[in-house]
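What follows is one structure encoded as structure tokens, with my remarks underneath.
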Amino acid sequence: MTSFATRLARGGVIDADPHGATSPPLYQTATFAQADATSFGEFDYTRTDNPTRRALEELLAELEGGGRALAFASGMAALAATLRLARPGQRVLLGRDLYGGTQRFAERFLDGVECAYVDLGSGELAAELARGDVALVLFETPSNPRLEITDVRAVCRAAHGAGALVAVDATAMTPHLMRPLELGADLAVHSATKGLGGHGDVTAGVVTTADAALAERLAARRNAEGSALTPFESWLLLRGLRTLSVRVDAAQRSARRLAQRLAASVRFRSVRYPGLADHPASAIHRSQARGGGVLVTVECASREEAIALVEDTRLFTTAVSFGGVASSISIPHHMSHASAPEGAAPRPDPTLVRLSVGLEDVDELEADLLSAVNGTISLQVRSPTGCRP
Ligand SMILES: *Cc1c(COP(=O)(O)O)cnc(C)c1O
């Protein structure tokens, strides 16, 4: 059994490469020559399959603990493919706190499929499952942006008892910290744009499942629609993945320390980090994941204070997305979740600020945050150009 770190460090190398390349080669080609007019070789057309993408998918599947991984053009393409496993007339149950784009797709574009937001930790789940026709239960844990925790094993037991599939969007964790398939889920979904890529330069998504028939259904549709990840982005993602464990471990250490420091400030109504014991579901989280991740949220006293905090930090870029080497800060209400339809699931409150902790020097990150919290801008801590990033 090779360790996660070893698999990562040596991942993506194509054994059959004729030149013995020691890092993943980029097959930037749309077509592959055929030996004759009537037979295909191993690869024929990149929309269907490509050696670089396949190397990426084999590594991603290994990281999830087995099965087959499919790389998509974005996290949303991966989630759309997953949600559309539900057929018209069937129902989908969704966690209450979800990425805004996932809500938008589920509410507006899943024709003929009824979606309901459910408190998955309550009796509501059993009641909704008992109504029948549930094809899929989909949720995030920790959720974006509220960092709510859902007990993956418990949801799987209930859903499987009712014949429903379970899909976990584990973007906030990456497979380095949590592997939903090992907890019983049928599908693990990620926006690889976040921690998996880790450098803020790739838009990508992935779905992994141990169910071969389900994987084939997803692959056939992806081929028909052309929503697979391009060779170049597959290659970039492979490059980012090779340092996944060291990146996540380091950023997570910093996130934990910053969460503790922020929690000590009287300026916030609450500070939330799944790796701290005062998170309301820290025990469940600890039972299914290896650490709290890189996201910290703070609830400010007012929307003005939230805006001031976001604008006064210098080392945290004001930007959507998370999980990159550069730290960022956002107000999900105005940014990542602005696309969520108003109504069925409440939008995150404008006082909620989400921090994504990266790989900068943690002392500098802490000084920057504390100076913004205290309403003064430190002169020592600036971005290298001295300008706002
Ligand atoms: C960003 C995000 C997505 C969407 O992924 P894209 O790569 O932006 O399409 C889905 N789920 C979660 C939890 C996310 O954070």
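Yes/no matrix, rows are residues, columns are (1) more than 15 Å from residue 97 (Cβ to Cβ); (2) at pLDDT 90 or above:
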| site | (1), (2) |
| --- | --- |
| 312 | yes, yes |
| 315 | yes, yes |
| 327 | yes, yes |
| 330 | yes, yes |
| 335 | yes, no |
| 340 | no, no |
| 345 | no, no |
| 350 | yes, yes |
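On the basis of being of a type in the set (Val, Ile, Thr), within 30 Å of residue 373 (Cα to Cα), under 22 Å from the mean Cα position of the chain (by Cα) and in a helix (DSSP H, G or I), does residue 248 make the cut? Against the criterion (of a type in the set (Val, Ile, Thr), within 30 Å of residue 373 (Cα to Cα), under 22 Å from the mean Cα position of the chain (by Cα) and in a helix (DSSP H, G or I)), residue 248 qualifies. Just one of (1) outside any loop (DSSP other than H, G, I, E, B); (2) of a type outside the set (Gly, Ala, Ser); (3) surrounded by fewer than 17 Cβ atoms within 10 Å (Cβ to Cβ); (4) touching a His at 6+ places or on another chain (Cβ under 9 Å) fails for residue 260. It is (4). In the range 178-230, the qualifying residues are those that are among the β-branched types (Val, Ile, Thr) and more than 12 Å from the ligand (Cβ to nearest atom), and the one that is nearest to the chain's Cα centre (by Cα) is 208. Among the residues examined, residue 163 qualifies as away from the ligand (no atom under 16 Å from the Cβ) and out of contact with any Ser or Thr (no Cβ under 9 Å at 6 or more places or on another chain).
Take the residues in the range 50-93 that are among the polar types (S, T, N, Q) and more than 14 Å from residue 196 (Cβ to Cβ), then tell me which one is surrounded by the fewest Cβ atoms within 10 Å (Cβ to Cβ). Explain how you work it out, then say what you get.
Filtering the range 50-93 down to residues among the polar types (S, T, N, Q) leaves 50, 52, 74, 82, 90.
Next cut, more than 14 Å from residue 196 (Cβ to Cβ) only: 50, 52, 82, 90.
Numbers: 50: 26, 52: 27, 82: 26, 90: 17.
Selected residue: 90.
Scan the range 94-116 for residues that are within 19 Å of the chain's Cα centre (by Cα) and either away from the ligand (no atom under 11 Å from the Cβ) or outside any helix (DSSP H, G or I) (or both) and the total you get is 7.
Suppose we keep only residues that are within 12 Å of the chain's Cα centre (by Cα) and not in a loop (DSSP other than H, G, I, E, B) within the range 166-175. Which one would you say is farthest from the ligand (Cβ to nearest atom)? The extreme case among them is 175. Given the criteria of a type in the set (Gly, Ala, Ser), surrounded by fewer than 22 Cβ atoms within 10 Å (Cβ to Cβ) and out of contact with any Asp or Glu (no Cβ under 6 Å at 6 or more places or on another chain), does residue 265 qualify? So residue 265 fits the description; yes. Checking each residue in the range 320-358 for being among the hydrophobic types (A, V, I, L, M, F, W, C) and buried (at least 18 other Cβ atoms within 10 Å of the Cβ) picks out 322, 329, 331, 335, 340, 345, 352, 353, 355, 357. When the range 182-199 is filtered for residues that are under 17 Å from residue 135 (Cα atoms) and either touching a residue at least 60 places away in the same chain (Cβ under 8 Å) or in a strand (DSSP E or B) (or both), the ones remaining, listed by number, are 187, 188, 189. Might you check whether a residue that is in contact with a helix residue (DSSP H, G or I) (Cβ under 7 Å, 6 or more places away or on another chain), part of a loop (DSSP other than H, G, I, E, B) and modelled with pLDDT of 90 or more occurs anywhere in the range 371-388? Scanning the range 371-388 turns up no residue that is in contact with a helix residue (DSSP H, G or I) (Cβ under 7 Å, 6 or more places away or on another chain), part of a loop (DSSP other than H, G, I, E, B) and modelled with pLDDT of 90 or more.
Within the range 200-227, residues that are among the basic types (Lys, Arg) reach partners that are at pLDDT 95 or above with beta carbons closer than 6 Å, at six or more positions or on different chains, in the pairs 222/228.
The values are calculated or read from the model by the stated rules, or taken from the named source; none is laboratory data. Computed from a prediction, not measured in an experiment: that's the story for all the values here. Reconstructed Cβ throughout: ideal geometry from the backbone, glycine too, with neighbour counts over all protein chains shown.
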